[in-house]
Structures are given as structure tokens and as C-alpha cells.
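> Next up is a structure, given as C-alpha cells.
The values are calculated or read from the model by the stated rules, or taken from the named source; none is laboratory data. Because the structure is predicted, anything quoted here is derived from the model rather than measured. Heads up, the Cβs are rebuilt from the backbone with ideal geometry, glycines too, and the neighbour counts pull from every protein chain shown. Protein only, heavy atoms only, side chains kept; ligands, DNA and RNA dropped before computing areas. Shrake-Rupley method; radii C 1.70, N 1.55, O 1.52, S 1.80 Å.
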Amino acid sequence: MNIIISDKKNKLLIYLLVIVGSISLFCLSFNIFKEKSLPTSSSSSHSISDILEDVQAINNKCTSFCKNGELDCDIALKNISNIKTNLSKLKNNLSSSNEKQKSLMNALDNNILIYDQMYSMLKNSKANDIEVSSKNLRTYHNTANNIYSELGNNNVLKDTFYAIESTINYCFENTVKDKEKDIKNDQAALFVSSLDTIISSFEKSMEDLNSLTKDARNNKITYELAISKVDDKIKSLESFNSELKKLSIPNKGTISYEKLISSFNEYDNYLASFKYALSMEKMYSDNKEYSKEFFDSLYSTSKDYLNSFQSYYDKFKNSYFQYKSDVL
């Protein structure tokens, strides 16, 4: 009886061991199969949508590039490297054997190129190829954004778009400012060169005409010739004024220009007044009733105009000297 019971117990024990062994073997085989079927990348625990959210979070860091609606170049240059590094880390955790991850890798390549191009542009914002660089920047953005959208997220580069446009605007504004500066410098140089020529010619012709009066009184020249010489001076001054009107005047050159115009006006008054006095002297020169003092008194107004001209001209010279020191 005891032998029969013992055999039954042994059979039951063997049966249980077979069942436990079978279950253990099944679990072991399942785990091995599961491990082999999973991607080897560390991103395997994340879905594509989770990875895209991580990419978006990294790109959103570019919002720090702008302050009060304007791009801060120094801050942008300082932070671009960190953004690129984090994007590269995400890319390196992806597997090209997975089609979606392969597409995501392509998007990340273009995403990183955005920041490479942005950095290059900001480091040399006045480069001659800024238009080409801007086109490349937008191309990288469009390529990456299209892939992100196909993978299910339209907002990955939402903030990056504004950073891109701010970068492009910043570079174009700097280029325009640089060109405007060159234009202003060229305009100033041309203004100075032209004005120097006019001034040089004017100063050669400028003189106190009293010597004409003395020569006419001493019969060295006729009064008609003396008056003709004054007319020549008047015509020369008209020519100088005509040349002045042709000049393109830089903003900072306006004060000097106006002072020279005032000087020429006073000199014109002097010439007109002197010619009138000389003509009056010619008319009465043969009349012995008029003394030298009377004839000299005819020139009192012209002398006042000459003194006034000299005062205006000195102010012009001081102003013009300062202007040339500032712009050349």
C-alpha cells in the first residue's frame, strides 16, 4: 500500500516539475524574443511624437535671441552652439534602420544647418553674399519643417521661424547701414573736393577794389575800364554761386554751405555798392567842385559791406574747417 502511494507522489512531483520547467522555458524564450525585437537605440522608449516634442523644446530656446522684438546678436551667438549640441545628441540616438527615425534624422540634419547658417550670418552680418545665405537659411527651415509636419508635428520650428526672420532682417539692416555709411562718406568727400575748388578760385579773385579807384584817379586806367573790371568780378561771383547750387550737400555740411552763401551775398553787395560808387565818381570826376573827401565818402557803404563779408567769410572758414575734420 505504501509503495503505491509513494509511486503516485513521485509521478505528481515529476508532473509538476515538467509544468514549471515548461513555463520557465516559455518566459525565457519570450524575453529573448522581446529583447531581439526592440530597437537598440536609447530613443526606443520614446515614440516619434515624444521625440518631436523634445526637438521642439530644444528649438524653442531660440526665443532668447530676441529682446524687445529685436535680435540680440551676442546672445544668439552665445546660445546657438548649445542648441546644435542638443539636437545632435537626439539625432545620434536614432536608428537609420527605422524609416520614421531615418526621416527624423534628415529633418535634424537640416535643423542643425539652420543654426550653422544663422551663426555664420551673425558673425559676418555685412557679408556680400547675405542674400544667398538668407535663401539657404529659409531652405533648411522649409525642408526640416516639411519632414516634421509629415511626422505629425507642425510646430517644431514655430519659434525658430521668427529667429530666422529676425536674423535675416538684422543682417540686411546692417548691410544697408554700411552701404549708407559708404554713400555718405563718398558724398562728403565729393562735397569737400568740389567746395575746395570753388573756394580756391574765389579767393584768387577776391580783393579790395580800392586800387581800381586810385588807378582811375591817377589816369593809369579809365573809369570805364575800372567799371568793366568790377563787372568781371560780378560775373565770376555769379559763376561761383552757380557752381554752389549744383552741389549735393551732406546733412552735416549744410551749416558750412549756408555760411558760404551768406558770405557770397555780402561780397555781391560789396561789388554792387562799389560799382555804384565808382560810377558816381566817374560822373562827377571832371567837376572841380567836388573834393577828394566827397568822392571817398561814396565808398563808405561798400566798405561796410566788405567788412561784413570778411566777418561772414571768417565764420564760414571756421565752420568748414571743423566739418572737414569731422568727416575726413
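> Scanning for something over 29 Å from Q310 (Cα atoms) and touching a helix residue (DSSP H, G or I) at 6+ places or on another chain (Cβ under 8 Å), does the range 185-198 turn up at least one residue?
Taking every residue of the range 185-198 in turn, at least one turns out to be over 29 Å from Q310 (Cα atoms) and touching a helix residue (DSSP H, G or I) at 6+ places or on another chain (Cβ under 8 Å).
> Among all residue pairs at least 6 apart or on different chains, which show Cβ distances below 7 Å where the first residue, located in the range 64-92, is in contact (Cβ under 8 Å) with a residue 40 or more places away in the chain and the second is in a strand (DSSP E or B) and surrounded by 16 or more Cβ atoms within 10 Å (Cβ to Cβ)?
From the range 64-92, the pairs are F65/L71.
> Turning to a different aspect of this structure: Quick test of your reading of the structure: N124 fulfils all but one of (1) open to solvent by less than 40 Å² (accessible area, probe 1.4 Å); (2) within 27 Å of the chain's Cα centre (by Cα); (3) of a type outside the set (K, R). Name the failing condition by number.
(1)
> On to the next question. What are the pairs with Cβ atoms under 6 angstrom where one residue, in the range 137-148, is open to solvent by 30 Å² or more (accessible area, probe 1.4 Å) and the other, located anywhere, is aliphatic (A, V, I, L, M)? Sequence gap at least six, or different chains.
Y140/L113; Y140/I114; N145/L157
> List the pairs whose first member sits in the range 271-289 and is touching a residue at least 12 places away in the same chain (Cβ under 8 Å) and surrounded by fewer than 15 Cβ atoms within 10 Å (Cβ to Cβ), whose second member is part of a helix (DSSP H, G or I) and not hydrophobic (A, V, I, L, M, F, W, C), and whose Cβ atoms are under 7 Å apart, counting only residues at least 6 apart or on separate chains?
These pairs meet every condition: S285/Y223.
> When you scan the range 226-250, how many residues do you find that are exposed (fewer than 13 other Cβ atoms within 10 Å of the Cβ) and touching a residue at least 60 places away in the same chain (Cβ under 8 Å)?
Residues flagged as exposed (fewer than 13 other Cβ atoms within 10 Å of the Cβ) and touching a residue at least 60 places away in the same chain (Cβ under 8 Å) within the range 226-250 amount to 1.
> For the range 189-203, check the following and say yes or no: at least one residue is surrounded by fewer than 19 Cβ atoms within 10 Å (Cβ to Cβ), more than 30 Å from D296 (Cα to Cα) and under 16 Å from the mean Cα position of the chain (by Cα).
No: the range 189-203 contains no residue that is surrounded by fewer than 19 Cβ atoms within 10 Å (Cβ to Cβ), more than 30 Å from D296 (Cα to Cα) and under 16 Å from the mean Cα position of the chain (by Cα).
> Confirm whether D208 is part of a helix (DSSP H, G or I) and out of contact with any Leu (no Cβ under 6 Å at 6 or more places or on another chain).
No: the conditions fail for D208.
> Further question on the same structure: So, in the range 102-121, exactly how many residues are open to solvent by less than 10 Å² (accessible area, probe 1.4 Å) and either within 17 Å of N154 (Cα to Cα) or of a type in the set (A, V, I, L, M) (or both)? Outline the logic, then answer.
In the first step, residues of the range 102-121 are kept if they are open to solvent by less than 10 Å² (accessible area, probe 1.4 Å); the result is 104, 107-108, 111, 114-115, 118, 121.
Then drop every residue that is not either within 17 Å of N154 (Cα to Cα) or of a type in the set (A, V, I, L, M) (or both), which leaves 104, 107-108, 111, 114, 118, 121.
Residues flagged as open to solvent by less than 10 Å² (accessible area, probe 1.4 Å) and either within 17 Å of N154 (Cα to Cα) or of a type in the set (A, V, I, L, M) (or both) within the range 102-121 amount to 7.
> Of the conditions (1) at pLDDT 95 or above; (2) in a loop (DSSP other than H, G, I, E, B), N128 fails just one. Which one is it?
Evaluating N128 over (1) at pLDDT 95 or above; (2) in a loop (DSSP other than H, G, I, E, B) leaves (1) as the failure.
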